[in-house]
Structure formats: structure tokens, C-alpha cells
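For reference, the structure is listed below as C-alpha cells.
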Number of protein chains: 2
Amino acid sequence: MRVLKYAILGLLDKGQLSGYDITSKFKEEIGHFWSAKHSQIYPELKKLTEEGFVEYQIVIQGTKLEKKVYSITELGKKELHEWMNRYSPIPDTQKDEFMLKAYFVSSLSQEEAKQLFKDQLEKRGQAIAFLEERLQELEGKEEPVSFSSPDFGHYLVLSRALEREKGYISWLERMIAKIGG
Amino acid sequence: MRVLKYAILGLLDKGQLSGYDITSKFKEEIGHFWSAKHSQIYPELKKLTEEGFVEYQIVIQGTKLEKKVYSITELGKKELHEWMNRYSPIPDTQKDEFMLKAYFVSSLSQEEAKQLFKDQLEKRGQAIAFLEERLQELEGKEEPVSFSSPDFGHYLVLSRALEREKGYISWLERMIAKIGG
DNA sequence: TCCGACATGTAAGGTGTTACATGATTTC
DNA sequence: GAAATCATGTAACACCTTACATGTCGGA
């Protein structure tokens with residue numbers, strides 16, 4: 001499938017980036033749904049260059065530091081577009097270690113189970129406020145964010161990430177009540 | 001982290017299973033949140049045996065077919081319990097190829113974007129009816145399913161899987177309306 | 001008698017993480 | 001001057017999927 005390949009092509013389609021920049025992007029908004037470490041990104045960029053999907057220029061930062069600034073090629077754009085319109089099957093497993101523990105809940109006492117769920121609720125709750133702020137920033141700029149807005153992709157990932165967390169939390173709260181004790 | 005190790009220990013804690021049985025379990029309810037292929041399971045069982053967390057008896061099926069039936073050891077139970085009560089950090093990335101495409105939506109025309117989202121909605125919708133049935137089966141048996149019920153873990157994964165899909169679908173519907181066109 | 005399910009394994013290759021390794025630039 | 005950030009790469013290892021490989025059992 002080589003999803004990382006398309007993630008990089010998609011990022012470069014929005015503008016020129018160095019390997020370091022791409023690493024940073026994966027720590028921001030898109031990081032909620034895809035990410036990679038620099039140790040995976042640099043070899044992938046090398047491969048994409050060899051395949052002709054991207055190209056780079058060396059830019060000098062300061063006096064000595066060499067930086068490779070990558071751009072997507074026409075071939076790369078074609079490849080990206082093909083993937084965007086290709087049907088990608090929905091995986092039947094979305095791995096979630098907490099839910100695996102939840103499935104084995106019978107191996108715990110009622111108190112332990114309640115603690116497990118409460119810990120999860122607390123940790124999940126922390127992310128929400130931050131996401132809510134980002135989304136309001138975006139909606140404050142231009143309401144409503146529409147398809148033609150350059151921020152629409154950003155809006156999509158933020159709103160989805162927020163709702164995913166909200167749904168998880170409301171389920172956790174109901175299950176904690178059900179565990180009782 | 002070796003999550004597969006704990007997944008296997010958790011399954012064996014509920015009862016004796018062969019490698020084939022474990023493979024089957026990952027195709028059922030827990031498969032929504034964790035799974036592995038038999039090619040990963042058999043070597044892991046060998047390793048867990050060497051480590052003393054599980055043990056097996058050879059059982060003859062029919063006249064010739066040898067089957068290894070695994071059980072969890074006391075050491076394995078201790079190890080499972082330690083993991084169940086250990087804090088596992090929530091990963092900040094939950095990979096989702098569709099959301100990656102959504103982030104790159106600006107590289108598509110309005111028609112292509114709408115098609116992408118509608119295809120996703122259609123595929124996600126197919127799973128729901130099936131999940132709803134399973135859950136109703138469970139709730140029909142004993143309402144409400146409580147902590148002390150042997151089906152509580154099953155209930156947790158089913159209800160979470162169903163709500164996850166419902167949340168995804170309602171978001172998709174709203175975004176399709178927003179794309180317009 | 002054939003087919004699908006039961007049953008167990010290994011090999012090769014792709015994907016992803018952690019650690020190793022180095023150096024320049026900017027900010028306090 | 002020290003620390004954080006910018007910048008690029010490789011090595012080792014863990015995890016996961018696809019394919020290879022073999023054979024039995026039960027039912028239609």
C-alpha cells in the first residue's frame with residue numbers, strides 16, 4: 001500500500017518542504033491520523049526521488065547547513081491523484097490497546113475495572129480542550145469553513161479528531177456508570 | 001510493548017485454546033480492536049511457552065491430527081494482571097488512510113471530493129446493521145448487561161465498535177452536506 | 001470424492017520504532 | 001555559553017502481511 005509515500009506526496013502537493021519539515025507536519029494536525037519518524041521519512045524521500053515522484057534543490061541555511069528542499073513532480077501529482085481516487089478498503093481492525101484490556105475486564109475486580117476506565121477517561125479528556133481551541137480558532141477566521149477554503153482539509157481533520165474523542169469519552173462515562181461499585 | 005503477547009494471555013485466561021482457535025477469535029468480536037495472522041500467532045505461542053507464560057498438551061483430533069491446546073500458567077496470569085493494571089499511554093496517532101485523503105481534499109474537484117466521502121459513507125454503513133444485530137442479541141439475553149455478567153467484555157467491544165461507526169457516519173453525513181455541489 | 005474447514009508451521013519482504021551518529025543555527 | 005531547535009542520515013530490531021508449504025477431518 002505504501003501509505004507513507006502518498007502522505008509525503010500529499011504534503012508536497014501543498015508546497016515545498018524539507019525532510020525535517022515533513023517530520024514536523026506529522027507532529028501537527030495530520031498527526032492525529034498519520035505519522036512517521038524521520039528515520040522512515042528520509043529513506044522514503046530518497047526512494048521517491050529515484051522513482052521520479054519528487055525532486056529536490058539544496059538550499060544553504062546560514063553559512064554551512066545544507067537543507068534539501070523537496071517538490072512534487074508532474075509524475076508525482078499524477079500518482080497522488082490516482083491514489084486519491086482509488087478505493088482503499090476499510091481495515092476491519094483498528095487497533096486499540098485499551099479496548100483489548102476492556103475485553104479482558106473479567107480478569108479484574110470491580111475496583112480495578114473502574115480505575116482502568118477512569119484513568120482512560122482522564123487521559124482522553126486532556127486532549128479535548130486543546131482540540132476544541134484549535135477548531136474554534138479556525139471557525140473564528142471564517143464561518144462556516146467551506147469546500148473552497150484553503151483550510152478545509154485542516155478543518156476536516158480537526159473536527160473528526162474532536163468528535164472521535166468526544167464519542168470515546170461519552171462511551172467511557174456510560175460504561176463507568178454501568179460498572180458501578 | 002508486545003501487545004500480541006497480552007492479547008494471547010488474555011484469551012487463554014478465559015479458557016484453553018489452540019493456535020487455530022486464537023486465530024479464529026481475532027476474526028470475531030475482539031478483531032474490531034486487535035488482530036493477528038496465524039503466521040504471527042504460532043511463533044508467539046512458541047516464545048510464550050519458552051518464557052513459561054503458557055503451556056500446552058497435544059490432543060489427537062480424529063486418528064492422526066495433532067493439535068496443541070494451550071493453557072495459561074500461574075506466571076502467565078501474573079504477567080497478564082500486571083499489564084491490565086499498568087498504564088498504557090494513548091498513542092497520539094490512530095492511523096486512518098481515509099482521513100489522510102480527507103486532509104488532502106484540496107487536490108480534488110468538488111465532485112471527486114463528494115464521491116470520496118459518499119463511497120466512505122456507503123462502506124461504513126454496511127458494517128452497522130451487523131453490529132446492531134449482535135448487540136441486540138446480547139442485550140436480549142439479559143438486560144442490562146452488568147459487570148458481573150460473563151458477557152460484559154463482549155458487550156464492551158460491541159457497543160464501542162457500534163458507536164465508533166455511528167459517530168464516523170454522522171460526521172461523514174455532515175461533511176458531505178458541507179461539501180455541497 | 002471433492003470441498004471447506006481444521007491444523008501448524010516457515011520464509012520473505014514491508015512497515016515502523018528506538019537508538020546511534022553527527023553537526024549547524026538560533027535564542028536566551 | 002548553554003540549550004533548544006534545525007537538519008540529515010544509518011543500524012538494529014520489532015512488528016506485521018503475504019506467500020509458501022503441508023497434511024487431516026468431516027460432511028455433502
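Values for this structure:
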item	result
Value of Rg to Rh for chain A (Rh from inverse mean 1/r over Cα pairs, i.e. Kirkwood)	1.07
Cα long-axis angle, helix A:3-14 against chain A (0 to 90 degrees, to the nearest 10)	60
Carbon + sulfur, % of accessible area of the protein assembly as shown - ligands and nucleic acids excluded, 1.4 Å	51
Radius of gyration, Dmax [region B:42-143; alpha carbons; angstrom]	23.3, 64
Chain lengthening between B:GLU139 and B:GLU173 when straightened (0.36 nm per residue, less Cα-Cα)	9.4 nm
Average accessible surface area per residue within chain A, 1.4 Å rolling probe, Å²	52
For the protein assembly as shown, projected area of the alpha-carbon convex hull averaged over all directions, nm²	23.0
For residues of B:156-163, the mean tally of beta carbons on other chains within 10 Å	5
Efficiency of FRET from Cβ geometry, A:GLU74 and A:GLN94, R₀ 30 Å, rounded to 0.05	0.30
Stokes-Einstein diffusion coefficient of region A:97-179, Kirkwood radius over Cα pairs, 25 °C, 0.890 mPa s, in µm²/s	168
Inter-copy label distances at B:GLY125 (7 Å, Cα→Cβ; nm, one decimal)	3.7
Area hidden from solvent between A and B (accessible, protein heavy atoms only, 1.4 Å, total, Å²)	6800
Label point 7 Å beyond Cα along the C-beta direction, distances from A:GLN61 to other copies (nm, shortest first)	5.8
At least 10 Å² accessible surface lost relative to isolated chain, residues of region A:70-86 (1.4 Å probe)	A:LEU80, A:HIS81, A:TRP83, A:MET84, A:ASN85
Reachable lysines from A:LYS67, criterion Cα separation under 17 angstrom, eight or more residues apart if same chain	A:LYS25, A:LYS46
Charged-residue dipole, Cβ positions (Lys, Arg, Asp, Glu), region B:1-66 about Cα centre, Debye nearest 20	180
For A:115-123, mean number of other protein chain Cβ atoms within 10 Å	2
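The values are calculated or read from the model by the stated rules, or taken from the named source; none is laboratory data. Every value quoted in this text rests on a predicted model; they were computed, and no experiment measured them. Here the Cβ is made from the backbone with ideal geometry for all residues, glycine too, and neighbour counts use every protein chain on show. Heavy atoms of the whole protein, side chains included, go into the accessibility calculation; ligands, DNA and RNA do not. Shrake-Rupley method; radii C 1.70, N 1.55, O 1.52, S 1.80 Å.
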